[in-house]
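Structure record follows, encoded as structure tokens.
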């Protein structure tokens, strides 16, 4: 199945990033948000990103215009009826995702593939809420989508080989390196990354070293572009905490348990860059 038209539900940071790289590749995008102001904000974000690419000489004005013309914003979910693939990128909470899929299942053509951009939730559980579990998979893009080269394609025990191969082909079409994995909490990247970040927080909590020394140790000793505490601030402490909770609930292993310091900081609203403060101060 060739994927020509893609519906994107949720036009926040991840949804707009997926729309941008897909539209650049010539894919027709129908972006759905029930509130027009979020559509306008998302389109402005894409326009700004493309303008930056033009300024840097990575794209010309003709390509920019063509990319924007490939994106249509809608507030009516029924506009997704003829999409070949629908990617959900809404809030990382199972209940609203399942509610959305139940609605989409009765609207979108039966041969279409559904995919979630979730970073941690059960793809199988979402698929079970539809009548097309064999056409359901995970497409986990990484933030910021236009920059990060990877996409994880997740196959459940029900996903058909045809749907899985079509999803992989789509990932490659939009310029990503595709890695495949089964449906398990954290998939590949977060299953390895989150325990590493939690261990760094435990080291800080135990007084092993300062935040700067922990981060510099990993940047200069292991060649990482960002230290673990910097990276946690970038991702969002609440996001890491939430993923940790999901992984611990599944594996019941202390390696996935959230440190008390992380919980305290989340409760205090120190969520990282987006909040102006996390392990570092971003207020300036």
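Please enumerate the residues belonging to the stretch 113-138 that are in contact (Cβ under 8 Å) with a residue 60 or more places away in the chain and touching a helix residue (DSSP H, G or I) at 6+ places or on another chain (Cβ under 9 Å).
Step one: filter the stretch 113-138 for residues in contact (Cβ under 8 Å) with a residue 60 or more places away in the chain, giving 113, 117, 119-123.
113, 117, 119, 120, 121, 122 - these are the residues of the stretch 113-138 that are in contact (Cβ under 8 Å) with a residue 60 or more places away in the chain and touching a helix residue (DSSP H, G or I) at 6+ places or on another chain (Cβ under 9 Å).
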Restricting to the stretch 226-243, what's the tally of residues that are farther than 14 Å from residue 278 by Cα and in contact with a helix residue (DSSP H, G or I) (Cβ under 7 Å, 6 or more places away or on another chain)? 2
Give just the number: which of (1) under 29 Å from residue 193 (Cβ atoms); (2) not in a helix (DSSP H, G or I) does residue 131 not satisfy? (1)
What are the residues in the stretch 148-162 that are under 13 Å from the mean Cα position of the chain (by Cα) and assigned to a loop (DSSP other than H, G, I, E, B), if any? 148, 149
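Any read-out appearing in this document is the output of simple, stated calculations on the displayed coordinates, not a laboratory observation. All figures in this text were calculated on a predicted structure; none of them were measured in a lab. A quick note on method: Cβ atoms are made from the backbone with ideal geometry, for glycine too, and the neighbour counts reach across all protein chains shown.
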